[in-house]
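Q: One structure coming up, written as C-alpha cells, with questions to follow.
The values are calculated or read from the model by the stated rules, or taken from the named source; none is laboratory data. What you see is a predicted model; the values in this text were computed from it and never measured. Here the Cβ is made from the backbone with ideal geometry for all residues, glycine too, and neighbour counts use every protein chain on show. Side chains included, ligands, DNA and RNA excluded: accessible areas come from the protein's heavy atoms. Shrake-Rupley method; radii C 1.70, N 1.55, O 1.52, S 1.80 Å.
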Amino acid sequence: MEDTVIPPLEIYTTNPDDIRRELIDRRNRDFGTPIPADSVTKLDDMDKMERLTSNTLLPISFLTKGAEVQRQVCKVFVPKKDGIATAFLVAPDILMTNNHVFDDHESIGGAHALFGYNAVGDERTGMYIDIIELIMTDVDLDFSLVRLKDPMPTYFQLPGAGQTKYALNQAANIIGHPLGRPKEISLRNNIISGIYTNSITYSSDTDRGSSGSPVLDNSWRVIALHSRAGDMKDGVWISNRGFRIDAIVTKIKKQFPRNSAVFKALFIPAEMAPDAPSPQEIVSKIPRDSIRSGITVYNATTTALRSGLVAN
C-alpha cells in the first residue's frame, strides 16, 4: 500500500473539507501489526468429499436470526458534519459507531438515530430517537459510544475475554446504511483477508454511510467495527478495514471499573443478575456532567477540554 494514500473513511457527508481534515489527522494511525498467515487459523478451502467448492452451507436459522439482529442496527444523522453513518446497539440505550462520526461533544448536537429503515418509505414509519450524549470516544480504534434518549428492547452483547475468534477466510457479514439507503447486508465475497493486532481487513462490500456498521460472523456475533477502506494494490482498493471488537472491549474495560454504571450496562446481562437494576436503570444513572473520551474528559457544562481521566 502506498504510504501517501490515506484509506477513505465511510461517513457519508456533503462537507468534503471536514472529512479531508479528518483523513489528514489520521494519516499515521496504527492499525496494529500484521499477523503472519502461517500463525493464524485458516479455514479449509475444500474437504475431500461432498463439496464442489468451499463450504457455504448454513442452517436456515441463519436467516431468521439475521432478521432479528438487523433491528439493532440504525441509520445515524450527524447534522454538525452534514453526514450520515451507521451505528448499532450495545446496550438498551447505548450505540457504538466510529470516532470519525462523533469525535467530541459538539458533534452530538442535533444528532438522531433511525431504526427500522429497511425499505423505501420506512423513513415515515421508522423510529427516530435523539442522540443526547457522548459517553466515550477513542481515536486510535476509531470508536465512540453515545447515548440514546430512549432505550430499545434488544442489543448486541459485547464479547467477554477470549470469546472472539478470527480466522483467514472467515465470514465478515456487514449490516449498514451505505449512502444512507435503506438497510443493506454484505453476504457474498465477504471473507477476512488480513488479521492484525488491532484490526481486520475483509472483502465485504461497503460504501460511504457504512461507517459504524457491525462486522458479524455467521453466528451474528460482532467481531469488528467497520471503519474505512483497507489495503490497496496497483492503485485499487482491494479490501475494507474494521477495528477488532476484542481490542475495543479491552479499551472500554480499561476506562471503566467493574462497578461503574457503564461497565455494568455493557457487560453484565440482566439475566445474570436478576436482583440488580435493569440495564435501562443502570444507564439512566450515568452522570451527565462527566463524558469520557479516551484520555480526554468533556464537561457538558463547558466547552473547555481537560486532559486526564475522571475518577469514579
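Q: So if I check each of Val283, Val262, which one is modelled with pLDDT of 85 or more, under 22 Å from Thr97 (Cβ atoms) and not in a strand (DSSP E or B)? Break it down stepwise before answering.
A: On the way: Val283 fails: modelled with pLDDT of 85 or more.
Answer to the selection: Val262.
Q: Any chance segment 120-131 includes a residue that's surrounded by 15 or more Cβ atoms within 10 Å (Cβ to Cβ) and of a type in the set (A, V, I, L, M, F, W, C)?
A: Within segment 120-131, one or more residues are surrounded by 15 or more Cβ atoms within 10 Å (Cβ to Cβ) and of a type in the set (A, V, I, L, M, F, W, C).
Q: Please go through segment 240-259 and pick out each residue that is in contact (Cβ under 8 Å) with a residue 60 or more places away in the chain and of a type in the set (Lys, Arg).
A: Arg241, Arg244, Lys251
Q: Here is a list of conditions, (1) surrounded by fewer than 18 Cβ atoms within 10 Å (Cβ to Cβ); (2) touching a Leu at 6+ places or on another chain (Cβ under 6 Å); (3) on the phi > 0 side of the Ramachandran plot, and Asn189 meets all of them except one; can you say which number that is?
A: Going through the list (1) surrounded by fewer than 18 Cβ atoms within 10 Å (Cβ to Cβ); (2) touching a Leu at 6+ places or on another chain (Cβ under 6 Å); (3) on the phi > 0 side of the Ramachandran plot, Asn189 breaks only (2).
Q: For segment 130-239, please list each of the strands (runs of 3 or more DSSP E) lying entirely inside it that holds at least 3 residues being touching a residue at least 12 places away in the same chain (Cβ under 8 Å).
A: Values: elements: 143-148, 173-176, 184-186, 192-195, 199-202, 214-216, 222-229.
Qualifying strands (runs of 3 or more DSSP E): 143-148, 173-176, 192-195, 199-202, 214-216, 222-229.
Q: To continue, here is another question. Just give me the residues in segment 160-179 being more than 18 Å from Asp246 (Cα to Cα) and open to solvent by 10 Å² or more (accessible area, probe 1.4 Å), in sequence order.
A: Step one: list which residues in segment 160-179 are more than 18 Å from Asp246 (Cα to Cα), which gives 169, 175-179.
Passing the criteria: Asn169, Pro178, Leu179.
Q: So, of the residues in segment 248-259 that are open to solvent by 60 Å² or more (accessible area, probe 1.4 Å) and not in a helix (DSSP H, G or I), which turns out to be nearest to Ile175 (Cα to Cα)?
A: For segment 248-259, the residue satisfying everything is Arg258.
Q: Hey, any hits in segment 152-163 for a residue that's farther than 18 Å from Ile248 by Cα, touching a Ser or Thr at 6+ places or on another chain (Cβ under 7 Å) and not polar (S, T, N, Q)?
A: Taking segment 152-163 and keeping what is farther than 18 Å from Ile248 by Cα, we get 152-154.
From what is left, the residues that are touching a Ser or Thr at 6+ places or on another chain (Cβ under 7 Å) are none.
Looking through segment 152-163, none of the residues is farther than 18 Å from Ile248 by Cα, touching a Ser or Thr at 6+ places or on another chain (Cβ under 7 Å) and not polar (S, T, N, Q).
Q: Just to be sure I understand, how many residues within segment 223-247 are surrounded by fewer than 24 Cβ atoms within 10 Å (Cβ to Cβ) and either hydrophobic (A, V, I, L, M, F, W, C) or within 20 Å of Asp93 (Cα to Cα) (or both)?
A: Selection size over segment 223-247: 6.
Q: Check Asp150, Asp138 and return the single one that is open to solvent by less than 20 Å² (accessible area, probe 1.4 Å) and within 28 Å of Glu106 (Cβ to Cβ). Show your work before the answer.
A: Values: Asp150 fails: open to solvent by less than 20 Å² (accessible area, probe 1.4 Å).
Within the list Asp150, Asp138, the selection yields Asp138.
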